[in-house]
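Student: Next up is a structure, given as structure tokens.
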Amino acid sequence: MERREYNFTEKKDTRSGFGDGLYEVGSKNKDIVALCADLTGSLKMGKFKEDFPERFVQVGIAEANMMGIAAGLTIGGKIPFTGTFANFSTGRVYDQIRQSIAYSGKNVKICASHAGLTLGEDGATHQILEDIGMMKMLPGMTVINPCDYNQTKNATIAIAEHIGPVYLRFGRPKWPIFTEDNEPFIIGKAKKFVEGNDVTIFATGHMVWQALEAEKILYQKGVSAEIINIHTIKPIDKEAILRSISKTGCAISCEEHNILGGLGESISRILIENNPIPFKVLGVNDSFGESGKPIDLLSKYGLDPKNICKFALDVIKRK
């Protein structure tokens, strides 16, 4: 793969990718139903509600009830997509997800917007940074964290065909669009954006764009960085991870999540068991977030291209 410099001409929020993907699959499959906990506008579910009112359930501010209803709907062959903020999709309803959905492998798609620090001004109470860890520990749960509007839309379409519970995580702010419009989303298969030889940068969600920006800086410094998007955190693409680090010999991971329990820990286990190399995890260092503009928060918590470069150079020195 030749080095390609990624740029963008448009920004769009990933939650709109979910809304558009939901509408597309709902137009084709009458078994798809949507449930929302009083956040139809925020989750971009309005078009689905307007055109398919008989398949839309507004449960109100009753997220636990929403998960129970969704689990029940699968018994009749329906494919329910639940929609609310990530904090309310996981932390508020973990017992219901564990007992009613995961334990019996119900075919529920738990779709969670406003995840991570980039929720921004709503602050720490809503910026859940533990959700990936919580959900990946549930047996049988698939965990997906796409990187831009197009990939979120395509992921939403893909999970409709997947049998079993899924946690789909996406965000609030307008973000660069840099993936292809109709590129098929393959659950469990990482996507390589840039080929490199000196260091591997694994990234997920909004951090993929930050990693691509860091790659440009590293390239100017004479460093060849390989950028891999781990959009599916569970099941994780073990083969892609080991293939890349066998070439570069060192790596970092980047996530808009607590360093405890997220993508970095999943990669660490793979490396320890198969090929220990210099490796560092970049994420939020065991703290809550705070109110602020999304880009300012990413910078303050070290999730910016400058700090990604620093981490990358540190692991290269340890080879």
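Student: Hey, among 295, 245, 241, which residue is out of contact with any strand residue (DSSP E or B) (no Cβ under 9 Å at 6 or more places or on another chain), among the β-branched types (Val, Ile, Thr) and part of a helix (DSSP H, G or I)?
Tutor: Result of the check over 295, 245, 241: 295.
Student: Taking the stated definitions as given, is residue 248 modelled with pLDDT of 95 or more, in contact with a helix residue (DSSP H, G or I) (Cβ under 8 Å, 6 or more places away or on another chain) and of a type in the set (Val, Ile, Thr)?
Tutor: no
Student: Taking segment 28-47 only, how many residues are more than 23 Å from residue 87 (Cα to Cα) and touching a residue at least 12 places away in the same chain (Cβ under 8 Å)?
Tutor: Matching residues across segment 28-47 total 5.
Student: While we're looking at this one, here's another question. Quick check: is even one residue across segment 68-82 among the small types (Gly, Ala, Ser), under 25 Å from the mean Cα position of the chain (by Cα) and not in a helix (DSSP H, G or I)?
Tutor: No, the conditions are met nowhere in segment 68-82.
Student: For segment 1-43, how many residues are under 15 Å from residue 170 (Cα atoms) and of a type in the set (Lys, Arg)?
Tutor: Within segment 1-43, residues that are under 15 Å from residue 170 (Cα atoms) and of a type in the set (Lys, Arg) number 3.
Student: While we're looking at this one, here's another question. Can you confirm whether residue 304 is surrounded by fewer than 23 Cβ atoms within 10 Å (Cβ to Cβ), outside the structural domain of residue 140 (by TED's automatic domain parsing) and touching a residue at least 12 places away in the same chain (Cβ under 8 Å)?
Tutor: For residue 304, the condition - surrounded by fewer than 23 Cβ atoms within 10 Å (Cβ to Cβ), outside the structural domain of residue 140 (by TED's automatic domain parsing) and touching a residue at least 12 places away in the same chain (Cβ under 8 Å) - is met.
Student: Can you tell me how many residues in segment 296-319 are farther than 15 Å from residue 208 by Cβ and among the β-branched types (Val, Ile, Thr)?
Tutor: The number of residues fulfilling the criteria is 2.
Student: Determine whether residue 109 is surrounded by fewer than 24 Cβ atoms within 10 Å (Cβ to Cβ) and basic (Lys, Arg).
Tutor: Here the answer is no, as residue 109 does not meet what is asked.
Student: Can you tell me which residues in segment 261-300 are among the aliphatic types (A, V, I, L, M) and under 17 Å from residue 124 (Cα atoms)?
Tutor: Our first condition is that a residue be among the aliphatic types (A, V, I, L, M); within segment 261-300, this holds for 263, 267, 270-272, 277, 281-282, 284, 295, 297-298.
Of everything in segment 261-300, those that are among the aliphatic types (A, V, I, L, M) and under 17 Å from residue 124 (Cα atoms) turn out to be 284, 295, 297, 298.
Student: Would you call residue 204 polar (S, T, N, Q), at pLDDT 95 or above and touching an Asp or Glu at 6+ places or on another chain (Cβ under 8 Å)? Outline the logic, then answer.
Tutor: On the way: polar (S, T, N, Q): yes; at pLDDT 95 or above: yes; touching an Asp or Glu at 6+ places or on another chain (Cβ under 8 Å): yes.
Against the criterion (polar (S, T, N, Q), at pLDDT 95 or above and touching an Asp or Glu at 6+ places or on another chain (Cβ under 8 Å)), residue 204 qualifies.
Student: Still on this model: Can you say whether residue 101 is outside any loop (DSSP other than H, G, I, E, B) and buried (at least 24 other Cβ atoms within 10 Å of the Cβ), as far as the supplied structure shows?
Tutor: Yes, satisfied.
Student: Here is a list of conditions, (1) assigned to a helix (DSSP H, G or I); (2) at positive phi, and residue 307 meets all of them except one; can you say which number that is?
Tutor: (2) is the only condition that residue 307 fails.
Student: Then there is this: Output the residue which, of all residues in segment 125-142 that are buried (at least 24 other Cβ atoms within 10 Å of the Cβ) and in contact with a strand residue (DSSP E or B) (Cβ under 6 Å, 6 or more places away or on another chain), is farthest from residue 258 (Cα to Cα).
Tutor: Residue satisfying both the conditions and the ranking: 135.
Student: Only one residue in 131, 181 is acidic (Asp, Glu) and within 16 Å of the chain's Cα centre (by Cα), so which one is that?
Tutor: 131
Student: Go over the candidates 175, 209 one by one and state the one that is closer than 30 Å to residue 164 by Cα, within 13 Å of the chain's Cα centre (by Cα), modelled with pLDDT of 95 or more and not small (Gly, Ala, Ser).
Tutor: On the way: 175 fails: within 13 Å of the chain's Cα centre (by Cα).
Of 175, 209, the one residue that is closer than 30 Å to residue 164 by Cα, within 13 Å of the chain's Cα centre (by Cα), modelled with pLDDT of 95 or more and not small (Gly, Ala, Ser) is 209.
Student: I've got another one for you. Search segment 188-224 for residues being over 17 Å from residue 148 (Cα atoms) and among the β-branched types (Val, Ile, Thr), and hand back the single one that is surrounded by the most Cβ atoms within 10 Å (Cβ to Cβ).
Tutor: This residue is 201.
Student: Here's something else I'd like to know. If I ask for residues that are surrounded by fewer than 17 Cβ atoms within 10 Å (Cβ to Cβ) and farther than 16 Å from residue 93 by Cβ, which ones from segment 53-77 would you list?
Tutor: Matches in segment 53-77: 53, 54, 58, 75, 76, 77.
Let's see how each residue does on (1) without any contact (Cβ under 8 Å) to a residue 60 or more places away in the chain; (2) buried (at least 16 other Cβ atoms within 10 Å of the Cβ); (3) not assigned by TED's automatic domain parsing to the domain that holds residue 206:
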position	(1), (2), (3)
235	no, no, no
241	yes, yes, no
259	yes, yes, no
263	no, yes, no
272	yes, no, no
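Student: Now, a different point. Every residue in segment 1-48 that is part of a helix (DSSP H, G or I), among the charged types (D, E, K, R) and surrounded by 19 or more Cβ atoms within 10 Å (Cβ to Cβ), please.
Tutor: Once the filter is applied, which keeps residues that are part of a helix (DSSP H, G or I), among the charged types (D, E, K, R) and surrounded by 19 or more Cβ atoms within 10 Å (Cβ to Cβ), segment 1-48 yields 15, 20.
The values are calculated or read from the model by the stated rules, or taken from the named source; none is laboratory data. As the structure is a prediction and not an experimental result, all values here were calculated from the model. Please note: Cβ atoms are built from the backbone with ideal geometry, for glycine as well, and neighbour counts cover all protein chains shown.
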